[in-house]
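Novice: Before I ask anything, let me first share the structure, which is written out below as structure tokens.
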There are 4 protein chains.
Amino acid sequence: MSKRRAVVGVMGAGEAATAEGLALAEELGECISSRGWVLLTGGRPAGVMAAASRGAARVEGHLVVGVLPDEGNGEERQSTAVLDLAVFTGMGKARNVINVLSADVVVICGGGGPGTASEAAHAINAGRPLILLAVPPVWRDFFCSLGKGVESASDVEECCRLIEARLRRV
Amino acid sequence: MSKRRAVVGVMGAGEAATAEGLALAEELGECISSRGWVLLTGGRPAGVMAAASRGAARVEGHLVVGVLPDEGNGEERQSTAVLDLAVFTGMGKARNVINVLSADVVVICGGGGPGTASEAAHAINAGRPLILLAVPPVWRDFFCSLGKGVESASDVEECCRLIEARLRRV
Amino acid sequence: MSKRRAVVGVMGAGEAATAEGLALAEELGECISSRGWVLLTGGRPAGVMAAASRGAARVEGHLVVGVLPDEGNGEERQSTAVLDLAVFTGMGKARNVINVLSADVVVICGGGGPGTASEAAHAINAGRPLILLAVPPVWRDFFCSLGKGVESASDVEECCRLIEARLRRV
Amino acid sequence: MSKRRAVVGVMGAGEAATAEGLALAEELGECISSRGWVLLTGGRPAGVMAAASRGAARVEGHLVVGVLPDEGNGEERQSTAVLDLAVFTGMGKARNVINVLSADVVVICGGGGPGTASEAAHAINAGRPLILLAVPPVWRDFFCSLGKGVESASDVEECCRLIEARLRRV
């Protein structure tokens with residue numbers, strides 16, 4: 001029987017992402033592919049989603065998945081990050097729930113806006129392991145107050161060690 | 001043409017609600033009905049949802065709506081808060097998005113767990129006015145950092161004044 | 001304890017509705033309100049949804065609910081059928097599932113397009129009583145082949161008798 | 001820029017599938033993988049979903065995706081068809097909409113129950129090319145009455161030729 005590869009969800013800012021956040025996301029995506037994990041993001045051609053996908057797609061054997069808010073009709077169908085598979089939900093912001101449920105571990109990369117915050121909250125609500133990578137202190141304070149076992153990392157290397165440890169426990 | 005009544009969404013802790021949070025929710029529900037507004041909650045027979053519904057149902061002319069996570073089959077259909085209308089979504093936690101989109105103003109009553117946090121985040125994301133009623137300081141710090149125009153109230157009277165002001169601007 | 005009013009879901013063609021289908025829907029909506037039931041439709045300002053809502057809103061004590069596909073932002077918020085309550089889902093066509101789950105009985109009024117067909121199929125799938133009112137023979141053949149207990153009516157009076165009988169058995 | 005592989009959605013009966021339907025689905029899955037297409041199904045370990053996945057997984061280079069109705073918590077996470085990627089939606093029957101939107105072509109394999117019928121209806125509603133493989137005549141009559149361009153195939157070879165022709169036109 002084939003065992004499925006682990007799925008790591010990476011969430012963060014879209015159009016509002018900083019140069020620093022984008023660099024981090026790209027490095028993280030590459031690291032995820034290198035370890036043989038599947039990268040899953042919100043799939044839009046912007047911000048952390050696009051940067052992580054780009055990084056992951058550089059590594060041979062990558063599987064880069066995007067779960068999109070729109071219906072994927074007409075030009076929407078190609079208007080995505082670099083993806084191996086696009087899941088079109090037509091469910092708007094409710095697709096954030098699917099992102100989180102489908103991931104074995106969720107990483108919040110560099111903070112973000114309220115959409116990213118909803119994903120961190122849903123991850124805790126669904127019992128998915130949550131790692132906060134280089135987020136603002138107010139994010140760490142809030143999400144650590146919401147759930148046990150929320151972890152923080154300050155760089156990609158530490159983040160990947162934490163993912164690995166979490167996947168061993170799943 | 002009939003003008004629809006304004007819809008106030010009230011979200012907060014479920015089974016983990018404190019006695020203080022429940023008392024607040026019940027008073028808030030009553031206040032919402034008294035002003036002629038529709039009360040909308042997550043509809044389950046627990047916590048802030050149930051208490052707010054109970055308070056609202058005491059006032060003549062109430063319209064109390066619950067948007068539930070389950071499919072409403074068999075016994076689930078009656079296993080709700082006191083409601084005039086039950087909307088069964090079958091969509092689990094994604095129903096939190098519907099709660100927020102359907103409300104003209106969203107009130108977070110007394111803080112809560114990650115489900116409640118996801119609703120506050122979705123409210124900001126969707127541009128719905130958000131009022132934090134008697135939430136812990138870490139909630140106020142976090143959600144005020146996420147969006148402009150998030151307001152705080154320390155008691156039900158102040159909260160209803162803020163709702164009223166927001167509805168006039170809608 | 002307050003007992004909820006029964007909810008009757010009415011589904012049918014949108015923009016493509018015929019004059020005959022609209023007349024039928026309006027009469028059906030009025031009949032539903034007259035019996036004290038809640039009318040639930042897809043809520044858009046078109047076709048069977050709009051006509052049934054209009055008919056229902058003529059009767060005192062009506063409760064007319066629409067479950068809409070869009071997010072209810074800006075002008076979308078008023079762009080609905082005549083409703084007492086608008087539930088904005090932001091879930092596109094997946095809101096068809098919510099319509100059906102929330103109804104105690106589902107009526108397909110005059111046939112329709114593939115959206116209406118999906119609602120008839122979801123009704124059978126979810127075990128909701130399904131009544132086909134004045135639909136084309138090919139609809140009757142198909143849906144009667146899919147599930148037991150699918151019933152047909154040729155006019156509104158017969159349809160309301162069937163609804164009543166079904167509600168007594170719920 | 002990497003071009004995404006085409007995604008073929010295969011839908012059909014679950015637990016109620018016949019031996020004939022299962023054999024057809026397995027052959028179809030294998031054919032889909034052989035052509036380099038991604039197979040997408042409802043992902044449950046039953047019926048046409050499981051058989052098509054099994055067939056597809058036999059071919060080197062396969063990508064077999066399942067979009068599941070449940071949240072993927074605990075044991076649910078492994079209780080799937082043979083998949084390379086499991087998308088857990090937590091949205092019950094509304095996941096049928098996602099299946100259809102994410103597919104470039106939808107095949108209904110051998111007919112099925114009301115869940116399968118809802119997927120055929122959603123496919124027409126969303127404008128996805130729909131191919132009916134070895135379905136009962138009442139299915140063909142109904143869905144051909146609902147939308148133009150619905151095609152029928154009586155065996156897997158003909159079905160794959162039709163898929164290929166449709167993908168060239170996308």
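Novice: Could you say whether any residue in segment C:7-17 is touching a residue at least 24 places away in the same chain (Cβ under 8 Å), closer than 21 Å to residue B:98 by Cα and within 14 Å of chain A (Cβ to nearest Cβ)?
Specialist: no
Novice: Would you mind stating whether residue C:143 is in contact with a Leu (Cβ under 8 Å, 6 or more places away or on another chain), among the aromatic types (Phe, Trp, Tyr) and within 14 Å of chain D (Cβ to nearest Cβ)?
Specialist: Details: in contact with a Leu (Cβ under 8 Å, 6 or more places away or on another chain): yes; among the aromatic types (Phe, Trp, Tyr): yes; within 14 Å of chain D (Cβ to nearest Cβ): yes.
Considered against the rule, which asks whether it is in contact with a Leu (Cβ under 8 Å, 6 or more places away or on another chain), among the aromatic types (Phe, Trp, Tyr) and within 14 Å of chain D (Cβ to nearest Cβ), residue C:143 comes out as yes.
Novice: State yes or no: is residue B:44 touching a residue at least 12 places away in the same chain (Cβ under 8 Å) and either surrounded by 22 or more Cβ atoms within 10 Å (Cβ to Cβ) or closer than 16 Å to residue B:115 by Cα (or both)? Let's see the steps before the verdict.
Specialist: Numbers: touching a residue at least 12 places away in the same chain (Cβ under 8 Å): yes; either surrounded by 22 or more Cβ atoms within 10 Å (Cβ to Cβ) or closer than 16 Å to residue B:115 by Cα (or both): yes.
Criteria met by residue B:44.
Novice: Only residues that are small (Gly, Ala, Ser) and over 17 Å from residue A:120 (Cα atoms): list them for segment A:24-42, please. Show your work before the answer.
Specialist: Within segment A:24-42, the first condition is being small (Gly, Ala, Ser), and the residues that meet it are A:25, A:29, A:33-34, A:36, A:42.
A:29, A:33, A:34, A:36, listed by residue number.
Novice: Looking at segment C:37-60, which of the residues that are of a type in the set (Gly, Ala, Ser) and within 12 Å of chain B (Cβ to nearest Cβ) is nearest to residue C:168 (Cα to Cα)?
Specialist: If we filter segment C:37-60 for residues that are of a type in the set (Gly, Ala, Ser), which is where we start, we get C:42-43, C:46-47, C:50-53, C:55-57.
Those still in the list that are within 12 Å of chain B (Cβ to nearest Cβ) too: C:43, C:53, C:56-57.
Numbers: C:43: 27, C:53: 24, C:56: 21, C:57: 24 Å.
For segment C:37-60, the residue satisfying everything is C:56.
Novice: Next up: Do we find that residue C:87 is within 14 Å of chain D (Cβ to nearest Cβ) and either surrounded by 20 or more Cβ atoms within 10 Å (Cβ to Cβ) or within 22 Å of residue C:16 (Cβ to Cβ) (or both) in this structure? Don't jump to the end; show me each part of the working.
Specialist: Details: within 14 Å of chain D (Cβ to nearest Cβ): no; either surrounded by 20 or more Cβ atoms within 10 Å (Cβ to Cβ) or within 22 Å of residue C:16 (Cβ to Cβ) (or both): yes.
Against the criterion (within 14 Å of chain D (Cβ to nearest Cβ) and either surrounded by 20 or more Cβ atoms within 10 Å (Cβ to Cβ) or within 22 Å of residue C:16 (Cβ to Cβ) (or both)), residue C:87 does not qualify.
Novice: To continue, here is another question. Taking residue C:32 as meeting all but one of (1) farther than 17 Å from residue C:166 by Cα; (2) buried (at least 19 other Cβ atoms within 10 Å of the Cβ), write down the number of the exception.
Specialist: (1)
Novice: Here's a follow-up. Suppose the filter is hydroxyl-bearing (Ser, Thr, Tyr) and either surrounded by fewer than 19 Cβ atoms within 10 Å (Cβ to Cβ) or free of Cβ contacts under 8 Å to residues at least 12 places away in the same chain (or both); does residue C:53 pass it? Reasoning before the result, please.
Specialist: Values: hydroxyl-bearing (Ser, Thr, Tyr): yes; either surrounded by fewer than 19 Cβ atoms within 10 Å (Cβ to Cβ) or free of Cβ contacts under 8 Å to residues at least 12 places away in the same chain (or both): no.
No; evaluated as a whole, the condition is false for this residue.
Novice: Which residue is farthest from residue D:118 (Cα to Cα), if the candidates are limited to segment C:117-138 and must be in a helix (DSSP H, G or I) and over 16 Å from the mean Cα position of the chain (by Cα)? It would help to see each step written out before you state the result.
Specialist: Kept after step one, since they are in a helix (DSSP H, G or I), are these residues of segment C:117-138: C:117-126, C:137-138.
Add one more test, that the residue is over 16 Å from the mean Cα position of the chain (by Cα), and what stays is C:125, C:137-138.
Values: C:125: 9, C:137: 19, C:138: 16 Å.
Only one residue tops the list, namely C:137.
Novice: Report yes if some residue within segment C:153-161 is surrounded by fewer than 24 Cβ atoms within 10 Å (Cβ to Cβ) and either in contact with a Phe, Trp or Tyr (Cβ under 6 Å, 6 or more places away or on another chain) or within 14 Å of another protein chain (Cβ to nearest Cβ) (or both); otherwise report no. If you could, list the steps in order and put the result at the bottom.
Specialist: Within segment C:153-161, the first condition is being surrounded by fewer than 24 Cβ atoms within 10 Å (Cβ to Cβ), and the residues that meet it are C:153-158, C:160-161.
Narrowing further to those that are either in contact with a Phe, Trp or Tyr (Cβ under 6 Å, 6 or more places away or on another chain) or within 14 Å of another protein chain (Cβ to nearest Cβ) (or both): none.
The answer is no, given that none of the residues of segment C:153-161 is surrounded by fewer than 24 Cβ atoms within 10 Å (Cβ to Cβ) and either in contact with a Phe, Trp or Tyr (Cβ under 6 Å, 6 or more places away or on another chain) or within 14 Å of another protein chain (Cβ to nearest Cβ) (or both).
Novice: Give me a count of the residues in segment A:139-153 that are part of a helix (DSSP H, G or I) and in contact with a helix residue (DSSP H, G or I) (Cβ under 8 Å, 6 or more places away or on another chain).
Specialist: Going through segment A:139-153 one residue at a time, the tally reaches 6.
Novice: Just checking, which of C:104, C:84, C:70 is among the charged types (D, E, K, R) and in contact with an Asp or Glu (Cβ under 9 Å, 6 or more places away or on another chain)? Before you say what the answer is, go through the steps one by one.
Specialist: On the way: C:104 fails: in contact with an Asp or Glu (Cβ under 9 Å, 6 or more places away or on another chain); C:84 fails: in contact with an Asp or Glu (Cβ under 9 Å, 6 or more places away or on another chain).
Criteria check complete, one pass: C:70.
Novice: Let me ask something else. Restricting segment C:72-84 to residues that are over 18 Å from the mean Cα position of the chain (by Cα) and charged (D, E, K, R), which is farthest from the other protein chains (Cβ to nearest Cβ)?
Specialist: Let us first name the residues in segment C:72-84 that are over 18 Å from the mean Cα position of the chain (by Cα), namely C:72-79.
Imposing the further condition that a residue be charged (D, E, K, R) reduces the set to C:75-77.
Details: C:75: 12, C:76: 10, C:77: 8 Å.
Of everything passing the filter in segment C:72-84, C:75 is farthest from the other protein chains (Cβ to nearest Cβ).
Novice: Does residue C:130 qualify as being of a type outside the set (Gly, Ala, Ser), modelled with pLDDT of 95 or more and either surrounded by 24 or more Cβ atoms within 10 Å (Cβ to Cβ) or at positive phi (or both)? Outline the logic, then answer.
Specialist: Values: of a type outside the set (Gly, Ala, Ser): yes; modelled with pLDDT of 95 or more: yes; either surrounded by 24 or more Cβ atoms within 10 Å (Cβ to Cβ) or at positive phi (or both): yes.
It is true that residue C:130 is of a type outside the set (Gly, Ala, Ser), modelled with pLDDT of 95 or more and either surrounded by 24 or more Cβ atoms within 10 Å (Cβ to Cβ) or at positive phi (or both).
Novice: Residue B:94: within 14 Å of chain A (Cβ to nearest Cβ) and either more than 20 Å from residue A:122 (Cβ to Cβ) or among the aliphatic types (A, V, I, L, M) (or both), yes or no?
Specialist: Values: within 14 Å of chain A (Cβ to nearest Cβ): yes; either more than 20 Å from residue A:122 (Cβ to Cβ) or among the aliphatic types (A, V, I, L, M) (or both): yes.
Yes: the conditions hold for residue B:94.
Novice: In segment C:98-123, how many are surrounded by fewer than 24 Cβ atoms within 10 Å (Cβ to Cβ) and facing chain D (nearest Cβ under 8 Å)?
Specialist: The qualifying residues number 3.
Novice: Take residue D:137 and tell me if it is free of Cβ contacts under 8 Å to residues at least 12 places away in the same chain, under 21 Å from residue C:146 (Cβ atoms) and more than 9 Å from every other protein chain (Cβ to nearest Cβ). Walk me through how you get there before you give the answer.
Specialist: Numbers: free of Cβ contacts under 8 Å to residues at least 12 places away in the same chain: yes; under 21 Å from residue C:146 (Cβ atoms): yes; more than 9 Å from every other protein chain (Cβ to nearest Cβ): yes.
Considered against the rule, which asks whether it is free of Cβ contacts under 8 Å to residues at least 12 places away in the same chain, under 21 Å from residue C:146 (Cβ atoms) and more than 9 Å from every other protein chain (Cβ to nearest Cβ), residue D:137 comes out as yes.
The values are calculated or read from the model by the stated rules, or taken from the named source; none is laboratory data. No experiment lies behind these values; they were computed from the predicted model shown. So basically every Cβ, Gly included, is an ideal-geometry build from the backbone, and we count neighbours across all protein chains shown.
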